[in-house]
Structures are given as structure tokens and as C-alpha cells.
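Worksheet for the structure shown next.
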Amino acid sequence: MDQDSYWTNRYTEGMTGWDIGYPSTPLKEYIDQLSNKELKILIPGAGNAYEAEYLFEQGFKNVFVLDISKQPIDALKNRVPDFPENNLLHGDFFTHTGSYDLILEQTFFCSFEPSESNRHNYGRQMNELLKVGGKLVGVWFKHPLTIDAKRPFGGNKNEYLSYLTPPLKTKVFENCNNSIPERNGNELFGIFTKEKK
């Protein structure tokens, strides 16, 4: 089964345990500190994209959501009819092209098959999509990746850093202190920057 069909089936069958129904606290509180409403922002693997909805409500009009399944993109469009159609992207993160000031990571890394090549490609693609001076900000699950692991696939701080740095530079990557209760103690919050081409 291809990834589009897999994820569409998950949404159709209501197998969306990651979906909390609102913007996650770590990203909401980060968004609340942003003053530049012109930032070009990408949320890959956005799912129902509550963070994108929140950004749009706060006046950020240059927000792009990307998902391999069209179903959650359509759900966002139904919830927020004024969300720009051209900013709703149905496609594969690993082949996406673009240039962004900010990329928000929310349960995306843990969703794809955790092969070494996929995980290294994730770091390279994040770097490719960021403008110089741009930031990757988000939360990563902090639980072991076991041999028989199932989604959400885990990892640890050193492992994540091995995929992201280089090419990106770490500004913050620590235990998340404002996770939602269900994820308390199981998340890392990170801010990474692209400092050169």
C-alpha cells in the first residue's frame, strides 16, 4: 500500500490517536512569541493542521500545510474556508520544493518508516527547504525505537541530533516543559537554524 492510501485509510477509519483536536501547547506558545506575520511557514505532515488554523487566526497569511493524504487537507479547508487554496499542498515532504522562514515539526518525524536513509533524508530536506536564517521548530517524541516498533516511531536526543546537525545548528533541544499531559515527559522541544547554504 502506498503512503497516500495508508494515511487516507487511517483518517477514514478514525485511527488518528495522535490527533489531539487543538494546537499542541509547545507550538502554540512558540507561535504566541512570533511578531513577524509575514513569515513564510511550512507545516509538513500537517494532518488536520490545528497549528496552521491557529496561525491563520492570529494573522499569519503565509502558512503552508503539506500532507501526503488529501483528506486532512480537505478537513482544514472545511473548517477554515478562507484559508488560501494555494497554501494547501497535497504531496510528499521528501520531494517537496520551496523556501521557508520557519518549518514547524509536530508528530511528523515519528510517522514515516524509520530507516536510516529516511531519517537522514529528513534532515537534508529540512535544510534544503529552509532559507538561510530560517528555523526548524517543534517537538520530537522521546521514547526508544525498538526492533518491533510501530507508529509513532521514537528516538532519542543524540539520534535526532545525528540527523539534523549538521547541516542545521542547534539553538535549543531539551526536554519539553509544556507538553500536553498525555505526552508529559515524552517530548523534546527543539529550535534549529540554517546558518549557511
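Nothing in this text is a laboratory measurement; each read-out follows from the coordinates by a stated rule. Model, not experiment: these values are computed from the prediction. Don't worry about glycine lacking a Cβ; one is built from the backbone with ideal geometry, like all the others, and counts go over all protein chains shown.
Where the only charges are on Cβ atoms (+1 Lys, Arg; -1 Asp, Glu), what is the dipole of the chain about its Cα centre, to the nearest 20 debye? If you can, show how the numbers build up before the last one.
Numbers: 22 positive and 26 negative charges, 132 e Å.
So the dipole magnitude of the chain works out to roughly 640 debye.
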Original post:
Pick from Gly133, Gly98, Gly155: which is most flexible by mean-square fluctuation in a GNM of the chain where alpha carbon atoms under 10 Å apart are linked?
Top reply: Gly98
Subject >> Mean ellipticity per residue at 222 nm, deg cm²/dmol - from DSSP H runs of n ≥ 4 across the chain, formula -39500 (n - 2.57) >> reply: -8500 deg cm²/dmol
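So, R0 is 35 Å and r is the distance between the beta-carbons of Asn156 and Asp74; what FRET efficiency does that work out to, to 0.05?
On the way: r = 36 Å, r/R0 = 1.02.
So the FRET efficiency works out to roughly 0.50.
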Subject >> Subset of Lys70/Lys169; Lys142/Lys196; Lys37/Lys196 violating a 31 Å alpha-carbon distance limit >> reply: Lys70/Lys169
Original post:
Hey, what D do you get for the chain in µm²/s if you plug the Kirkwood alpha-carbon radius into Stokes-Einstein at 20 °C and 1.002 mPa s?
Top reply: 127 µm²/s
Original post:
Relative contact order (percent) for the stretch 3-193, with alpha-carbon contacts under 8 angstrom and 6 or more residues of separation?
Top reply: 19 percent
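For each of Val132, Val63, count neighbouring Cβ atoms within 10 Å of the residue's Cβ, then give the residues from fewest to most.
Working: Val132 10, Val63 24.
Least to most surrounded, the residues fall as Val132, Val63.
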Original post:
Got a sec? Charge dipole of the stretch 3-193, +1 on Cβ for Lys and Arg, -1 for Asp and Glu; which of Asn177, Thr25, Gln71 is way out at the positive end?
Top reply: Asn177
Subject >> Percent RCO, i.e. relative contact order, over the stretch 111-166, from Cα pairs under 8 Å lying at least 6 residues apart >> reply: 42 percent
